[in-house]
Structure formats: structure tokens, C-alpha cells
Amino acid sequence: MSYQEQIIALAGMFQAGCLVRQIAREGRCEQAAYEASLRSLLDLNAVSTEAVYGGLEGVRLGLDVLSTLYKAETKIRDLEVSQYVLAIAHLEKKLAKQPKLLSAISNGIERAQAQAESFSPTHENVIANLAGIYTDTISTIPPRIVVSGEQGYLNNTENANKVRALLLALMRSAILWKQKGGRRWHVLLKRGKIMAAAKNLLKQTEVN
């Protein structure tokens, strides 16, 4: 198990959180990152942590966020994104103790995989299915995550479904991160090490 794998999974978490913030605040998000985050939900048999996201390029946005974590120019954004990341990491501990919910998530994702083969991973029917999985499972575990943003965007059904699907993707990355040795306190106390590792991985995406 390498520290690099841990950082890639953490980047997956921050990427999903950043996309949630973009949709909630702007009504839009970076499409390539959005597609990579959703595909991470549908590929549960990837050969490596990197492959979960379709390669390092798939978590480029997340690595970019991690590489400047809480810098003056990104602090407001990063604090908000971190709230989603830490909240999901907290819920992951509770979810791990609820096999029925884990089974429901697994079964729901299998249905979404079949849907994605007929349509596409980003088709509105697939997104609505993934959003429903989140609502029926993770959303039932207290405390519920409250997404901050413009109500005009959040009240839009399509946007709301995207946000819930991304929170489910965030949970998928959180589970992977924990499997690779990640812990909530790392985000708070190992910022310098995380930033350095993320910058190195970001350079690899630029070379490729």
C-alpha cells in the first residue's frame, strides 16, 4: 500500500466535494472531472487506485485543490469543500457498521452500471438513480449533510440529483481512502505532506 494511492483517493474525495460546491454556487461544474467522479462509482473492480478514476488525469481537479490546500487565495473554497469531505469521512465510519445499507448501495450501483451500459454514465436517468441511492442510504445516517449554495441552483431537480450523485461518489472515494490508510485527522494535521504529494502527482499529469 503506497502513500500515493492514499493521496489519489483523497484527491477523489476533494474533487467530488469541489464539484458539489461548483454546482451549488454556480449551477455548473467542470465536465471532465464530473464524468471521472461518476465513473469511479461505476467501476468497482478497477485494477488500481489510479484506474478507479481513469488515470491521474481523472483526479486532476482534486489534486489541484489538494496542492493549494487552505492557501489565502483558495481558503474560502477549500474550507467549504473540506466540510463535505470531513462530513462524509465521519459518515463512512457509521456506514461501515450498517451492512444492510452497504448492501443496498452495492445493489443500487449494480443497477446503475446496467443503466450506464444502455445510456451513458452521465445520462440523467443514471444520475437520478445514483441520487436515489444516496437519498435512501447515506442520507438516512445522521447528521445529514447540508449543502450550501444558491437556492435557485439547489432547487433545480437536475442539479440536486447531480449533487447527491457526487456525494455518493465522495463516499466511494472515502471508503477507498480509508482502505489505503487514510484518516480524518490526516486532513487536519498533515496538510504540508498532503500538498507536497499532490503537487508531485499533479506534475505527472502535466508530463502525460
Surrounding charge for Ile175, neighbours by C-beta under 12 angstrom, Lys/Arg +1, Asp/Glu -1, total +3
When the convex hull of the Cα atoms of the range 65-151 is projected onto a plane and the area is averaged over all directions, what value comes out in nm²? 7.4 nm²
I'd like the orientation of helix 31-42 relative to the chain: the angle between its Cα long axis and the longest Cα principal axis, in ° from 0 to 90, rounded to 10. 70 degrees
Give me the percent relative contact order of the chain, please, defined on Cα pairs under 8 angstrom at least 6 residues apart. 37 percent
What is the Cα coordinate range of the range 1-120 on the first, second and third principal axes, sorted by size from largest, in whole angstrom? 43, 33, 33
Give me P(r) over the chain, computed from all C-alpha to C-alpha distances, binned every 10 Å, as integer percentages. 9, 39, 39, 13, 0
Show that you can apply the helix-only estimate: for the chain, add -39,500 (n - 2.57) for every DSSP H stretch of four or more residues, divide by all residues, and state [θ] at 222 nm to the nearest 500. -23500 deg cm²/dmol
For the chain, with only Lys/Arg (+1) and Asp/Glu (-1) charged at the beta-carbon, what is the dipole magnitude about the Cα centre, in debye rounded to 20? 980 debye
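No value in this document is a laboratory result; all are computed from the given coordinates. Computed from a prediction, not measured in an experiment: that's the story for all the values here. Please note: Cβ atoms are built from the backbone with ideal geometry, for glycine as well, and neighbour counts cover all protein chains shown.
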